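The values are calculated or read from the model by the stated rules, or taken from the named source; none is laboratory data. Quick caveat, the model's predicted, so the values are computed rather than measured. Glycine gets a Cβ as well: all are built from the backbone with ideal geometry, and neighbour counts include every protein chain shown. Surface areas here come from the heavy atoms of the whole protein model, side chains and all, with no ligands, DNA or RNA. Shrake-Rupley method; radii C 1.70, N 1.55, O 1.52, S 1.80 Å.
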Amino acid sequence: MSINSDKVKRLLLGIDVSNWQGTVDWAGHAETGVSFAFAKTTEGGDYVDKWFARNWNGMRESWMVCGAYHFARPKGDPIEQARHFLRTIEKAGGLRRGDLVALDLETNDGARPERVARFARRWCHHVERHGGVRPFIYTFHAFANGGHCAGLAEYPLWIASPAKPRGRPDVPRPWNDWTIHQYSNSPIDRNVFHGTRKELTKLGYRPSRRR
């Protein structure tokens with residue numbers, strides 16, 4: 001894809017973490033220019049990342065744009081998993097204006113692509129309605145092109161594409177553009193957003209959306 005040259009000049013730096021990273025030096029990352037981050041929150045219908053609450057607070061204390069993500073288990077109940085995700089965030093302090101959420105969609109658990117896509121749509125609809133925020137979809141090229149993301153083009157794409165130059169990932173179907181690019185995964189997952197901090201937080205939680 002081609003990308004506006006102005007956007008290339010305005011790449012906001014971010015990272016994403018999970019329990020695999022253990023203790024994260026949030027203040028140190030902030031000092032090196034990291035402006036936003038996502039932390040694994042939940043997986044399936046009952047798992048909670050043991051580091052999530054600490055990471056959530058660490059991001060906030062370091063004045064980063066805070067993001068939380070759920071690792072999808074598509075053979076499970078999407079509504080149960082969405083409720084579990086939102087409850088876990090609430091227990092950690094809840095969402096504030098501009099906070100981000102994402103669905104990590106990278107495994108089919110043996111389910112057919114259409115079932116995976118239906119799971120994702122139902123999960124996203126529930127989170128958007130009851131959480132007051134539109135989720136990002138985190139996925140990778142081959143998985144999306146396999147039909148697992150059908151009907152999700154309305155949600156911003158967080159694409160894992162470490163083989164491509166920073167800020168220049170390939171965009172899979174059904175999207176026409178990317179929003180966040182995970183361009184590196186060693187020794188930590190690194191991301192860029194092609195815009196400003198203000199533009200990123202506009203994609204996040206707005207209290208008035210809660211119903």
Worksheet entry | Per residue, in Å², the accessible surface of region 34-188 once ligands and nucleic acids are set aside, probe 1.4 Å | 42
Practice prompt. Would you mind checking the pairs LYS40/LYS164; LYS75/LYS164; LYS40/LYS91 and listing those with alpha carbons more than 22 angstrom apart?
Written response: LYS40/LYS164; LYS75/LYS164
Worksheet item: Hey, with R₀ at 30 Å, roughly what FRET efficiency would ARG87 and ASP109 work out to, going by the Cβ-Cβ distance, to 0.05?
Response: 0.85
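Grab the beta carbon distance between ARG197 and ASP177, set R0 = 22 Å, and tell me the FRET efficiency rounded to 0.05.
Once the sixth-power term is evaluated, E becomes 0.70.
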Worksheet item: Residue separation times 0.36 nm, minus the C-alpha to C-alpha distance between ALA27 and ALA163: what's the value?
Response: 46.1 nm
Worksheet entry | Accessible surface of the chain [probe 1.4 Å, protein heavy atoms]: carbon and sulfur percent | 46
Worksheet item: Given a Förster distance of 25 angstrom, what is the FRET efficiency for SER186 paired with ASN19, based on the Cβ-Cβ distance and rounded to 0.05?
Response: 0.90
Worksheet item: Out of every Cα pair in region 61-211, what percent are spaced more than 18 Å from each other?
Response: 56
Worksheet entry | Residue-wise HN-Hα coupling along region 139-155, computed from phi with Karplus coefficients 6.51, -1.76, 1.60 (Hz; x: Gly, Pro) | 7, 10, 4, 5, 5, 5, 5, x, x, 6, 10, 4, x, 10, 5, 6, 9
Worksheet entry | Length gained when the stretch ARG10-ILE79 is fully extended (0.36 nm per residue, less Cα-Cα span) | 21.2 nm
Discussion item. Taking the Cα centroid of region 156-203 and of region 87-123, what is the distance between the two, rounded to the nearest whole Å?
Written reply: 18
Practice prompt. With 10 Å bins from zero, work out the P(r) of region 20-116 over every alpha carbon pair and list the percent per bin.
Written response: 16, 45, 28, 10, 1
